[in-house]
Amino acid sequence: MSFLHDYAYYIGAFGLIFIGLLVVLAKHNLIKVIIGLSILDTGINLFLISVGYLRNGTAPIFSRPGLDASGMVDPVPQALVLTAIVIGVAVLALALGIAVRLYREFGTLDLRKIKELRW
Amino acid sequence: MVSPALLVAVPLGLAFCVPLVGLASRKAARFVPIVACLFNLIVSLRLIPHAIEQPIVANMGGFTPPFSITLFAGPLGLILSALIALAGFVVSIYAVAYIDKGSTTRYHTLFLLLLVGATGVVLTGDIFNLFVFFEILCISSYALVAYLGDRGGLEAAAKYLIQGAIGSGLLLTGIGLLYGLTGTLNMASIAASVGSIGTVSVFVPMALIIAGLGVEAAIFPLNAWLPDAHSSAPSTISAILSGIAIEVGLYAVVRVVFTMFGASSMLLFLVFLGTLTLLVGEMCAFAQSNVKRMLAYSSIGQIGLILFAISIASSASIAGGLFQLITHTLSKVVLFLAVGYMIYRSGSTEISSLEGIGKRMPVTSMAFVVAAFSLVGLPPFAGFPSKFMIVRAAVAEGGALFLVLVALVLVGTVIEGAYFFRVIQAIFFKKRDEKPARHEAPVAALVPILVVVVLIIALGVYPDAITGALNSAASELLERAHYVRSVLG
């Protein structure tokens, strides 16, 4: 149980990453694939946060005297996640835009039927 | 001396000026990318001599490394940023006449953002910053592949986006693991501390990062998106994707393997992967009947050749690989731009429909021939000295293994020659009608093509013009300790 307790965030993060990958690889509906990408992104963000997380840590702000830097969570991964979220939103928006156009052109979102080009 | 930060900042600022200029005059907006690329070209070329003496390190925000985001403008980064600016310059002149459909201001904004991303990747010294610039590059290229809004382009963009997003996910996971291990994102300080960590723990982030970057670099098992994306995009974008985007991906792989991890044990694996990529790319290219798909597969083959050369990791072979990279960019830009108007005039991308077009568009066709010969490696074009350098360096490495690999590389070149000669035969020696009307590409398209053609011939006749800079770029890759010292002081 202590293993679960210590590594819960990593297990959750990699669980989300693998669920996302599985959805992207196994689903044929473009919208579901995009949802998979979104889950993958969330998993990675959670992973980044847990890299810098400290149990019972405080925010990295010297708000009152006597605070020790060793009791603070690492702020760098949080900055990274903020950037990664913005990038993820951009990719998601573009993907959904392309999905809308694809549906207009092909009348379907099934990736097995959208096969004009050879692989 | 100008700060290398301007190489990123000026085009980035101008990219967002394009829509504003477009409000005043849609015609004027087309010239903004030309200005930005010219600025970058001049600044990069002027900084190269300084960088050869001592790499230029710029720290953003007034912090010292490893806390600041570092820009590292060594000879390698500046050569590549000059190459990006040159390719962007000629392609954006060509685009003035070629891109006339759709929302042209959006095209020019995205085009400039793509170049900003590429320049940022080659200049940055911070691994997360590299990820961000990489995403700028990728997102703008996803959008540009779908620019025409036709069925093929949309489908290719969807495939490209899905595979690219998984690649970036792997890259970001690798970066996260690496940060957990070393507690820093600065590439120099990662390089300094990576030696003291166990090999197994370093291997996982390295594999993730290489796989993530390998998607964009189109290294063999990860290149399924490339033929569709490159053949469905507008020809200007095909030229930039093929000439710049995948090279930048390859640069990132090489930088990570050589400088950041110093992973000499990975190199033989990459040599094999390069040879495999080369053979697969060239064989697939041989089987194509669509000329743009053929060129796209040929890019995969060339990437394999460059990866092969650089991973041999001797000073001469890296210089040869970088020379091949420059040759490939110049040749592919000409090939795609020339093919752009050939397709436009003949109305089809099939090789059979190009028959007899050499009579209708002699200048464009000759430019195509020069670039094709250069890519195959015939003298006196730039491809000859670069391929010669690679083969000589690989043979000098010695051993039966490298002789076999060189033989395979030469087999790849023969296949390459075969499919290019087939196209040239179709263009010039198969007649359809007896008295074709001459209908050349417009001057705005011919001038940039001919400029690059002249450059290809000049580099082929006088390769010494750049070998000095290439050699110092090669030593920048090989001397990790020097990289670390010049960033961390």
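Laboratory data are not the source of any read-out in this text; all were calculated from the coordinates shown. Keep in mind it's a predicted model, so treat the numbers as computed, not measured. Methodologically, a virtual Cβ is constructed for each residue, glycine included, from the backbone with ideal geometry; neighbour enumeration extends over all protein chains shown.
Below are the figures for this structure:
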quantity	calculated
Label-to-label distance, nm, for residues given as B:Val414 and B:Ser201 (7 Å Cα→Cβ offset)	5.1
Extension gain from B:Leu378 to B:Ser193, taking 0.36 nm per residue of separation minus the Cα-Cα distance	62.1 nm
Between helix B:151-182 and chain B: long-axis angle, C-alpha atoms, 0 to 90°, nearest 10	10
Average partner coverage of A:21-31, which counts Cβ from other chains inside 10 Å	1
Per-residue Cβ neighbour rank within 10 angstrom, fewest leading, B:Thr259, B:Thr467	B:Thr467, B:Thr259
Nearest 10 degrees, 0 to 90: helix B:443-461 Cα axis against chain B principal axis	60
Cβ-placed point charges (K, R +1; D, E -1), dipole of chain A about Cα centre in debye, nearest 20	580
The range B:5-488, relative contact order [Cα under 8 Å, separation at least 6], %	16
Cβ-based net charge around B:Ile343, under 11 Å, with every Lys or Arg adding one and every Asp or Glu removing one	+1
Contour minus Cα-Cα distance for B:Arg422 and B:Asp464 (0.36 nm per residue)	11.9 nm
Estimated FRET transfer efficiency when R0 is 25 angstrom, pair B:Leu38-B:Tyr344 (beta carbons, to 0.05)	0.45
Partner aspartates and glutamates for A:Lys115 [C-alpha distance under 14 Å; skip if fewer than 8 residues away on the same chain]	A:Glu105, B:Asp150, B:Glu155, B:Asp228
Burial ordering of B:Val91, B:Val254, fewest other beta-carbon atoms within 10 Å first	B:Val254, B:Val91
By average C-beta atoms within 10 angstrom, highest first, the peptides B:32-42, A:3-13, A:79-89, B:130-140	B:130-140, B:32-42, A:79-89, A:3-13
Selection from B:Pro75, B:Gly301, A:Ser50 lying farthest towards where the dipole of the protein assembly as shown points positive, charges on Cβ	B:Gly301
Residue-by-residue Karplus 3J(HN,Hα) for the range B:202-216, coefficients 6.51, -1.76, 1.60, Hz, glycine and proline x	6, 5, 5, x, 5, 4, 5, 5, 5, 5, x, 6, x, 4, 6
Mean separation of Cα contacts under 8 Å (6+ apart) over length of the range B:289-439, as relative contact order %	29
Two-site label geometry, A:Met72 and B:Met283: point separation in nm, points 7 Å out along Cα→Cβ	5.8
Rounded to the nearest 20 debye, dipole of the range B:5-488 from Cβ charges on Lys, Arg, Asp, Glu	1040
Ranking of B:Asp464, A:Asp110 by count of other Cβ atoms within 10 Å, fewest first	B:Asp464, A:Asp110
Where labels lie 7 Å past Cα in the beta-carbon direction, separation of A:Val86 and B:His482 in nm	3.6
Entries in A:Lys32/B:Lys101; A:Lys32/B:Lys292; B:Lys387/B:Lys430; B:Lys332/B:Lys430 that, when Cα-Cα distance is taken, lie over 27 Å	A:Lys32/B:Lys101; A:Lys32/B:Lys292; B:Lys387/B:Lys430
